[in-house]
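Comments concern the structure below.
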Amino acid sequence: MAGLTAAALAAVGFLAYQASANVPETLAVPTPKATSTAPAAGHAAEHKDKKNPLAVPADSGAGARVVYALDDRRVWLVDAKGKMLRSFAVMPSSVNPRPGSYKVRSRTGVIKGSDGVPIEHVVLFAMADGGVPVGFSAAQDGSMKSPDPKRKTGGVRMKRADGNAMWAFATVGAKVVVVP
């Protein structure tokens, strides 16, 4: 019973986040114009291993973690010993989190994305400027389309197999490190 209640609360919370992310700007409370959308160019070189460009970024910390490189559009799943378990390309959302360390806040198995696409394995970990929730997900149809730049969405899309791996790895409280 407690598990069902927790799952229901997580689903309601995610839906509330989605609703707030889709409020037309004319109705939203004005917020300062901060830049959490596109990362500045050139930062990727700071964390890349020139000999192995798919290596886990050196500036991503230690221990078990999900590493999300904004410029590279890539995610790494790293175990407690620092070993890369999996790496894959992602399609960033229209709004990005600031570089830094986060923890997985909630997870939802299946839901409709803020863009109307049915998604699965939603792993929320951050709030971007303007209160936009940011998380990883996989479209059930396998698509990884570019987001509409006019809509403030925080869904970082991946292929379904990668979404399955993310779901198994990134439980609530898991560390997520975002690097430029």
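Quick notes on this one:
- Cut-off 10 Å between beta-carbons: net charge of the residues surrounding residue 172, Lys and Arg +1, Asp and Glu -1: +3
- Kirkwood hydrodynamic radius of region 132-178, Cα pairs, Å: 11.8 Å
- Across region 96-108, computed HN-Hα scalar couplings (Karplus, 6.51 cos²θ - 1.76 cosθ + 1.60, θ = phi - 60°) run 10, x, 6, x, x, 10, 9, 10, 4, 8, 7, 9, 9 Hz from first to last residue, x flagging Gly and Pro.
- Residue 143-residue 52 FRET efficiency (beta carbon distance; Förster radius 30 Å; 0.05 resolution): 0.50
- Convex hull of Cα atoms in region 47-180, direction-averaged projection (nm²): 7.4 nm²
- With viscosity 0.692 mPa s and temperature 37 °C, the Kirkwood radius over alpha carbon pairs of region 59-131 converts through Stokes-Einstein to a diffusion coefficient of 239 µm²/s.
- In this structure, the amide hydrogen of residue 176, modeled 1.01 Å from its nitrogen in the peptide plane, lies closer than 5 angstrom to those of 66, 102, 103, 104, counting only residues at least 5 positions away or on a different chain.
- The string of couplings for region 149-165 from the Karplus curve (6.51, -1.76, 1.60, θ = phi - 60°) is x, 7, 9, 8, 10, x, x, 8, 8, 9, 5, 4, 4, 5, x, 4, 5 Hz, one whole number per residue in order, with x for Gly and Pro.
- Ordering 144-150, 52-58 by mean Cβ neighbour count within 10 Å, with the highest value first, yields 52-58, 144-150.
Bear in mind that the values in this text are calculations on the coordinates, not laboratory data. Just so it is clear, the model here is predicted, and its values are computed rather than measured. Note: ideal-geometry Cβ built from the backbone for every residue, glycine included; neighbour counts use all protein chains shown.
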